[in-house]
Amino acid sequence: MLKSGIMQVVRKKILVMAGLCVLFSTVACQKWVDDAPQPLQVDESKVFSTEQGFRDALNGVYLQLGSSALYGRELTMGVLSLAGRNYDSVSVTKVSNLYYKAATCNLADPSVKSYSAEVWNKMYQSIANLNNVLANAETRKGIFTGDNYKTVKGEALALRAYLHFDLLRLFAPAPVTGQLASPAIPYVTALSANATPVSSVEQVLQNCIADLTAADELLSADDLTASQFTKWAVKGLLARVYMYKGDNAQAKENALAVINSNKFSLSTNNNDLFFTKESLFKLYIYNNNYYAYYKSVFSSPVLLGLSSSAQTAVYVTGNGATSDYRKNFINTLTGNGTGAALMPKKFYATASNIFPMIRLSEMYYIAAECAADVPTGLSYINQVRTGRGVPALTAANVPDAGSLSNEIMKEYRKEFIGEGQMFFYYKRKNTPFTALPFYPKVPAVAGEAYVPVAANASYTFIKPE
């Protein structure tokens, strides 16, 4: 059960944090996110008296999503990438206890549990804000012009589903384990001083799908504003949700809807190592914080990251050379003024305060995984590989379904390093911990770095009591 304090409502006051100012518009706005743990109370009648007020309230949610505890750092390049075994240069003597325990998948450690509680509270605060936007949009339809009511409602529903889905993936067992009926998380759809009952894994998935289906019907196919949730981001998230649920038919249908819309295309160069033009949904991180965030993760002398030997193992194919645009890291010996050794260059090289949340490439990987046969699946991952400067694979390289699955996994590792997605991939597949990257081999291989896995390793974060 959610503690009532999280969802408590003070009438005439709205539980909306910092972003009631325009996104990133003032220093004071950002300072509130950094310093204040509680929502800001402001006069609801004023905030929701104009269309701009609704937009500012939604911008406030995006702003909180970019905070260090959430997608600005820990749910992307930090804790979740460590738990997703993205890095092999992880030393117990150099990194924080939180980072080391995350890297060993010891999610029951007190430091990880404390962090988990912060994520839980911040996400449900954002959900409360979204529910207040939705409630006020219904009672104030008359102030909207054009399709703005549909846009506000669709965007809020999509964000609500996005947050609940990630809470599910963090705090509940994966469907592949056969625990669809197991208690998961509360799916909160209204502001109330009362606790919201916990839903099962299956119920949460169905609620996410229901919210996204409604959002899909409300949002325009012509809106390509990737810094906000659009119809295409909704379809991308539906593909991700159905993939996690194990409904391959619906996952493929939504992934192909994005691909075949011809509104997005894969990059063909390395001008932007985040390939942000492919983003279905991307998050703007407050600029000064973004630099501080990635430096706090990778900065020397900690040297957290992917070692030179591991970079070669992940990215290099064939004759020992690689043309893969994604194999771009800070020089391991010198670093430079804006980065640190072992850090993926994409964090600072281009569009440096933009973080992709749903990518076009993921749609190709989903389509490949759900393909009816190996050649079709191979055609989808080859389109991404070609766009990344990598030679296409052939039937000789990938003769069967098992080989295709292995190649898809490799592509995920290359594409999403430092983005938090590998943890969810391994959890969705129920990957044995002994099969995770950098698991110690017996006998040890000379020159390779290893990261141990805790005896109580888990893919499920612990919910706060």
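Values in this text are rule-based calculations from the coordinates and carry no lab data. This structure is a prediction, so every number in the text was calculated from the model and none was measured. Reconstructed Cβ throughout: ideal geometry from the backbone, glycine too, with neighbour counts over all protein chains shown.
Below, the figures for the structure above:
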{"quantity": "Calculated SAXS-style log₁₀ I(q)/I(0) at q = 0.21, 0.23, 0.24 Å⁻¹ - the range 393-438, Debye, Cα scatterers", "calculated": "-0.78, -0.88, -0.93"}
{"quantity": "Length-normalised contact order for the range 276-435 - Cα pairs under 8 Å, 6+ apart - percent", "calculated": "24"}
{"quantity": "Dipole axis of the chain (+1 Lys, Arg; -1 Asp, Glu on Cβ), positive-most option in 366, 131, 194", "calculated": "194"}
{"quantity": "The range 276-435 - charge dipole about Cα centre, Lys and Arg +1 at Cβ, Asp and Glu -1, debye rounded to 20", "calculated": "440"}
{"quantity": "Taking N as its residue count, the alpha carbon Rg of the range 276-435 over 2.2 N^0.38 Å", "calculated": "1.09"}
{"quantity": "Förster radius 35 Å - calculated FRET efficiency between residue 271 and residue 91, Cβ distance, rounded to 0.05", "calculated": "0.55"}
{"quantity": "Zone of residue 458's modelled label, taken as backbone nitrogen in the range 111-152 under 20 Å from a point 7 Å along Cα→Cβ", "calculated": "111-124"}
{"quantity": "Angle in degrees between helix 148-171 and the longest Cα principal axis of the chain, rounded to the nearest 10", "calculated": "50"}
{"quantity": "Separation between Cα centres of the range 120-192 and the range 398-465, rounded to whole Å", "calculated": "30"}
{"quantity": "Taking the chain and dividing mean pair separation by its residue count, relative contact order in percent (alpha carbons under 8 Å, at least six apart)", "calculated": "21"}
{"quantity": "The range 395-410 - phi-based ³J(HN,Hα) in whole Hz, Karplus 6.51/-1.76/1.60, Gly and Pro as x", "calculated": "4, 5, 6, 10, x, 8, 4, x, 5, 4, 4, 5, 5, 5, 4, 4"}
{"quantity": "Options 297, 405, 183, ranked by Cα towards positive dipole end of the chain, top entry (Cβ charges)", "calculated": "297"}
{"quantity": "Full-stretch length increase - residue 394, residue 449 - with 0.36 nm per residue and alpha-carbon distance subtracted", "calculated": "16.7 nm"}
{"quantity": "Cα gyration tensor shape of the range 400-465, rounded if a/c is under 1.5, else prolate or oblate by comparing a/b with b/c", "calculated": "oblate"}
{"quantity": "Gain upon complete extension [residue 323, residue 441; 0.36 nm per residue less C-alpha separation]", "calculated": "39.6 nm"}
{"quantity": "Two-site label geometry, residue 379 and residue 193: point separation in nm, points 7 Å out along Cα→Cβ", "calculated": "6.1"}
{"quantity": "FRET efficiency, 1/(1 + (r/R0)^6) with R0 45 Å, evaluated for residue 222 and residue 406 via beta carbons", "calculated": "0.70"}
{"quantity": "Given charges at beta-carbon only (K, R positive; D, E negative), |dipole| of the chain in Debye", "calculated": "560"}
{"quantity": "Cα-based convex hull volume of the chain per residue, rounded to whole Å³", "calculated": "143"}
{"quantity": "Cα shape, the range 68-142, gyration tensor, a/c 1.5 rule", "calculated": "prolate"}
{"quantity": "Helix-only CD estimate at 222 nm, as mean residue ellipticity for the chain, using -39500 (n - 2.57) per DSSP H run (n ≥ 4)", "calculated": "-14000 deg cm²/dmol"}
{"quantity": "Rg(Cα)/(2.2 N^0.38 Å) for the range 130-179, N = residue count", "calculated": "1.58"}
{"quantity": "Largest-first principal axis extents of the Cα set of the range 39-182 (Å)", "calculated": "58, 36, 23"}
{"quantity": "Helix 231-245 vs. the chain, principal-axis angle (Cα, 0 to 90°, nearest 10)", "calculated": "60"}
{"quantity": "FRET efficiency for residue 138 and residue 177, using Cβ-Cβ distance with R0 set to 35 Å, rounded to 0.05", "calculated": "0.40"}
